[in-house]
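The values are calculated or read from the model by the stated rules, or taken from the named source; none is laboratory data. In this text the structure is predicted, and so the values were computed from the model without any measurement. Positions of Cβ are generated from backbone atoms using ideal geometry, with glycine treated the same way; all protein chains shown enter the neighbour counts. These accessible areas exclude ligands, DNA and RNA; they are computed on the full protein's heavy atoms, side chains included. Shrake-Rupley method; radii C 1.70, N 1.55, O 1.52, S 1.80 Å.
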Amino acid sequence: MSGAGTTGEAVLQARDVAKSYGNVQALKGVNFDVHRGQVTTLFGENGAGKSTLMKILSGVIRPTSGEILLDGRPVAFHSTTEARDLGISIIHQELSLAPNLSVRDNIFMGREITTATGVDYAEEERQTRALMEELEEDIDPLTPVEDLRLGQQQVVEIARALSVNARILIMDEPTSALSASEVEVLFKVIRDLKARGVSIVYISHHLEEALQITDHAVVLRDGTMTARAPRSEIDLEWIVRNMVGENFDLGSPPEGHAIGDVALKIDGLSVPDASATGRSAVDGLSLELRAGEIVCLYGLMGAGRTEMLECIAGRLPKSGGRVLLEGRELGRASIAERIARGLVLVPEDRQRDGLVQTMSVGENLSLASIGAFTRGLFTSRKRERDLVDTSIRNVTIKTDGGQAAIGSLSGGNQQKVVIGKMLATNPRVVMLDEPSRGIDIGAKAEVFRLLAEGAQRGLAVIYSTSEVGECLSIAHRIIVMRRGKISAEFGPDATKEQIMAASGEAVVA
Amino acid sequence: MSNSNIGVIAMTDTGTIHKRARGLFGNGFDLGRLLLEGRAFFALIAIIITFSMLSPFYFSTGNFLIMASHVAIFGLLAVGMMLVILTGGIDLSVGSTLGLAGVVAGFLMQGVTLEGLGVALYPPVWVVVILTCAVGALVGLVNGVLIAVFKVPAFVATLGLLYVARGVALLMTDGLTYNNLGGKPELGNTGFDWLGFNRVFDVPIGVLVLAAVALGASLLLNRTAFGRWVYSTGGNARAAELSGVPVKRVTVLVYVLSGICAAIAGLVLSSQLTSAGPTAGTTYELTAIAAVVIGGAALTGGRGNIRGTLLGAFVIGFLSDGLVIIGVSSYWQTVFTGAVIVLAVLLNSIQYSHRRPSSAAKPKTSATQGSKA
């Protein structure tokens, strides 16, 4: 039934859809087609309006003006349930599965098949098995979801959408947490779905990956559609150009300033692995970082980068070795003492470790440097405002002001708040764990520009990344970590292939 | 409206409403939100108007002051509770701590006999007050250390202290009540009843104590680094810790402060009664939690303010006293109080779900804008 109609014709259309939140226009009259049995990818930076458009198409919110056409007829849905009944399902970036329940129970959650005697588990199990066969995934319906790998959990989400006969499937950043092999599985599933006539709307920050799977590209910028074209007419450069509106460059290592003395010295550092006793996440690692120098730390997931940075910051205990800041050993200093001495960490997960959602932008920015605007017993509001305003200017945060809610900012600007908070403490050494995670290219470039400027002022910077392209930008040195040890060190003239080989990553030709 | 207390509260509360409304909506004005944000204040007004119509005795300065001195007890507990709830915790032991503090004060007022020396010491009242507060602080310290250092869930740790503190109070008195806490002039320990009975400019001392404690707590929360630490610990303890906030120390301290608040409440109560019973304050912890919740604080931590908590305490106090004045049975009072609490939590969840950035609040406002356009 979902295969009815011709492949490629527009099944879902948005016509002049606009959405405003108060005075802010998130979408300004966007036209957007979803083609039957094909993948349409939405490209755009954070804050370009992708999520807003997806929420409108899936019934989470309603447009301020404009209309949605389904099979050429205007429709208006007031909830996700109504959208789902019309065959439109959305799979969110954060999976919405109950980890303690089985695959079967998750798929039929809220729509249990009941008979007079209760839930018909046998029938649910049979249907689940059929779905899994269709998706060619060998997952037992009775396995608890928490026992599945992330990629398999994604498949369960897809199965759930299919079980309600979804004709249009919206996937928001489906690959952000998947390994390369899991992405392959997902893409195979997507191709199968296409063959069955399911239309897919795909959103990803991973441009090269999205190009592999998409049939149509639509680019949004600042709430307007800047370009759309079929896959055959476009390439990576076309997307980036339309997304950012200018030639794009992540920068090069800053030059022309003096590289100073050793600011941070790590000597034989070992950090125990939290998940496996007796093993070390970081194994006797030594490293020196000089003032004015930018070092990139590259490695796969589980190479021990996060553990090393969190241990240096005082979050995790070490099992051996020494950390010296400007020649003085840190010993068992608390996080607060380390910050006071000029060593700060910008954590990897900004929602979990970086931001206090209940506080305003300004309160978040000033959180790590309250002492700087406290005189005697009381804080000075004026000094705090000055500090916040300076931070907002310095790290170029787009916001209505310090009193705005942190949730009103885009991902990139939230990340700048976390960075700005730590820079406001006037550090000597800044460590950033995956500073570009989940933010768009424009914000990435701005973050790197900030780091380069910091280095020129004599700041020692070390950042970790799992995107090899980001190593070859502003870093003076690239250190590759593998299983808790340094496996190689390169200068800025290294190639991607060299770096990836040293990390133990299979080089895909 | 001759009452000065209510006047002050009215002024400051509309102040916040304005500030918040500006922060959220630019210069927009939304009656529904105003009513939602200021709900505790409007509930209080509604209670005063309703009971004033039902009883000629309700609306008088004298009655307001009597009711306010009842509110003082809950209010003191609620201020301490509020600090704990802001960090995302809960303190179930405050009612028992109140009872224990009263008993300790009574015990000290009766004179301490030192067996070995054969002398009886009669500490002056200010020493009694300090020692009693120290007992409250000690209970809080045990709570705080259990929770922050030994990672015992706050609910369980403070439930344990609820029993322990009550048990100690019963042991100290053998279940009996200390009477005649007035002291004797020849022993130099008179004046204990001053807290409960005296008035300054016609305002009961208990109410002034509450005002002072609330003012102090408000300054602490809004103008000191510690206050910011409290809010950030409750909002996201991990992020706070990585920003250099001493999360453990903050946690211990809020329980200590809550214990001290409970001890002060115990002093005021036993002074009002000039007697100290070991069962005083039973279930008061629940009333205190209710006041905090009615005042708009989130039990998940990070949101709330002293002003709201005080309003919450006044709502509960003025409601239950009003029901007594118009002669409603105490069983019905329990039902009404419960209904008010549920309603308050309901409104809290509406308010906080509206505050979430992307979903509910915005469609509502933009819908009205859309219809204008």
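With A:98, A:83, A:116 as the choices, which residue is more than 14 Å from chain B (Cβ to nearest Cβ) and touching a Phe, Trp or Tyr at 6+ places or on another chain (Cβ under 8 Å)?
Result: A:83 is the single residue among A:98, A:83, A:116 that is more than 14 Å from chain B (Cβ to nearest Cβ) and touching a Phe, Trp or Tyr at 6+ places or on another chain (Cβ under 8 Å).
Tell me, yes or no, whether region A:386-394 has at least one residue that is assigned to a helix (DSSP H, G or I) and within 10 Å of chain B (Cβ to nearest Cβ).
No, region A:386-394 has no match at all.
What tally of residues in region A:334-365 results from selecting those that are more than 25 Å from the chain's Cα centre (by Cα) and part of a loop (DSSP other than H, G, I, E, B)?
3
Counting only residues that are among the small types (Gly, Ala, Ser) and in contact with a Leu (Cβ under 9 Å, 6 or more places away or on another chain), how many does region B:133-149 have?
Selection size over region B:133-149: 4.
Residues of region A:126-166 being assigned to a helix (DSSP H, G or I), loosely packed, with under 15 Cβ neighbours inside 10 Å and at pLDDT 80 or above, which ones?
A:126, A:130, A:133, A:146, A:147
If you scan region B:222-273, which residues turn out to be among the small types (Gly, Ala, Ser) and under 19 Å from residue B:127 (Cα atoms)?
B:259, B:262, B:263, B:265, B:266, B:270, B:271
Which of the residues spanning region A:407-417 are more than 20 Å from residue A:386 (Cβ to Cβ) and either modelled with pLDDT of 80 or more or within 8 Å of chain B (Cβ to nearest Cβ) (or both)?
A:407, A:408, A:409, A:412, A:413, A:414, A:415
May I ask you to verify whether residue A:174 is surrounded by 20 or more Cβ atoms within 10 Å (Cβ to Cβ), of a type outside the set (Phe, Trp, Tyr) and over 18 Å from residue A:89 (Cα atoms)?
So residue A:174 fails the test.
Can you tell me which residue among A:278, A:302, A:292, A:331 is in a loop (DSSP other than H, G, I, E, B) and at pLDDT 90 or above?
A:292
With (1) in contact with a helix residue (DSSP H, G or I) (Cβ under 8 Å, 6 or more places away or on another chain); (2) surrounded by fewer than 20 Cβ atoms within 10 Å (Cβ to Cβ); (3) touching a residue at least 40 places away in the same chain (Cβ under 8 Å) as the list, and residue A:488 as the residue in question, which single condition is left unmet?
(3)
Please verify whether region A:341-352 includes one or more residues that are surrounded by fewer than 22 Cβ atoms within 10 Å (Cβ to Cβ), within 8 Å of another protein chain (Cβ to nearest Cβ) and hydrophobic (A, V, I, L, M, F, W, C).
No, the conditions are met nowhere in region A:341-352.
Only one of these conditions is not met by residue A:371: (1) among the small types (Gly, Ala, Ser); (2) at the interface with chain B (Cβ under 9 Å from one of its Cβ atoms); (3) under 24 Å from residue B:297 (Cα atoms). Which number is it?
(3)
For residue A:444, indicate whether it is charged (D, E, K, R), within 14 Å of chain B (Cβ to nearest Cβ) and in contact (Cβ under 8 Å) with a residue 40 or more places away in the chain.
It is false that residue A:444 is charged (D, E, K, R), within 14 Å of chain B (Cβ to nearest Cβ) and in contact (Cβ under 8 Å) with a residue 40 or more places away in the chain.
Check A:331, A:321, A:284 and return the single one that is without any contact (Cβ under 8 Å) to a residue 24 or more places away in the chain, more than 14 Å from chain B (Cβ to nearest Cβ) and either out of contact with any His (no Cβ under 8 Å at 6 or more places or on another chain) or buried (at least 23 other Cβ atoms within 10 Å of the Cβ) (or both).
Exactly one of A:331, A:321, A:284 is without any contact (Cβ under 8 Å) to a residue 24 or more places away in the chain, more than 14 Å from chain B (Cβ to nearest Cβ) and either out of contact with any His (no Cβ under 8 Å at 6 or more places or on another chain) or buried (at least 23 other Cβ atoms within 10 Å of the Cβ) (or both), namely A:331.
Do we have any residue at all in region B:305-317 that's closer than 27 Å to residue B:128 by Cβ and either β-branched (Val, Ile, Thr) or surrounded by fewer than 22 Cβ atoms within 10 Å (Cβ to Cβ) (or both)?
No: region B:305-317 contains no residue that is closer than 27 Å to residue B:128 by Cβ and either β-branched (Val, Ile, Thr) or surrounded by fewer than 22 Cβ atoms within 10 Å (Cβ to Cβ) (or both).
Considering every residue within region A:67-74, establish whether at least one is within 14 Å of chain B (Cβ to nearest Cβ), modelled with pLDDT of 85 or more and more than 22 Å from residue A:215 (Cβ to Cβ).
Within region A:67-74, one or more residues are within 14 Å of chain B (Cβ to nearest Cβ), modelled with pLDDT of 85 or more and more than 22 Å from residue A:215 (Cβ to Cβ).
Might you check whether a residue that is at pLDDT 90 or above, buried (at least 24 other Cβ atoms within 10 Å of the Cβ) and either under 17 Å from residue B:132 (Cα atoms) or touching a Pro at 6+ places or on another chain (Cβ under 7 Å) (or both) occurs anywhere in region B:247-256?
Yes - at least one qualifying residue is present in region B:247-256.
For the structure I just gave you, tell me whether residue B:320 is open to solvent by 60 Å² or more (accessible area, probe 1.4 Å) and small (Gly, Ala, Ser).
It is false that residue B:320 is open to solvent by 60 Å² or more (accessible area, probe 1.4 Å) and small (Gly, Ala, Ser).
Identify all residues within region A:15-43 that are surrounded by 22 or more Cβ atoms within 10 Å (Cβ to Cβ), in contact with a Phe, Trp or Tyr (Cβ under 8 Å, 6 or more places away or on another chain) and not polar (S, T, N, Q); write none if there are none.
Within region A:15-43, A:17, A:39, A:42 qualify.
Here is a list of conditions, (1) within 26 Å of residue B:87 (Cα to Cα); (2) open to solvent by 30 Å² or more (accessible area, probe 1.4 Å), and residue A:359 meets all of them except one; can you say which number that is?
In the conditions (1) within 26 Å of residue B:87 (Cα to Cα); (2) open to solvent by 30 Å² or more (accessible area, probe 1.4 Å), residue A:359 misses (2) alone.
Residues to consider are A:348, A:326; find the one that is out of contact with any Asp or Glu (no Cβ under 7 Å at 6 or more places or on another chain) and modelled with pLDDT under 90.
Among A:348, A:326, only A:326 is out of contact with any Asp or Glu (no Cβ under 7 Å at 6 or more places or on another chain) and modelled with pLDDT under 90.
So residue B:150 fits all but one of (1) part of a helix (DSSP H, G or I); (2) open to solvent by 40 Å² or more (accessible area, probe 1.4 Å); what number is the exception?
(1)
Kindly indicate whether any position in region A:398-407 is surrounded by 19 or more Cβ atoms within 10 Å (Cβ to Cβ), of a type in the set (Gly, Ala, Ser) and assigned to a helix (DSSP H, G or I).
No, region A:398-407 has no match at all.
Considering every residue within region B:234-245, establish whether at least one is open to solvent by less than 20 Å² (accessible area, probe 1.4 Å) and either basic (Lys, Arg) or more than 14 Å from chain A (Cβ to nearest Cβ) (or both).
No, that holds for no residue.
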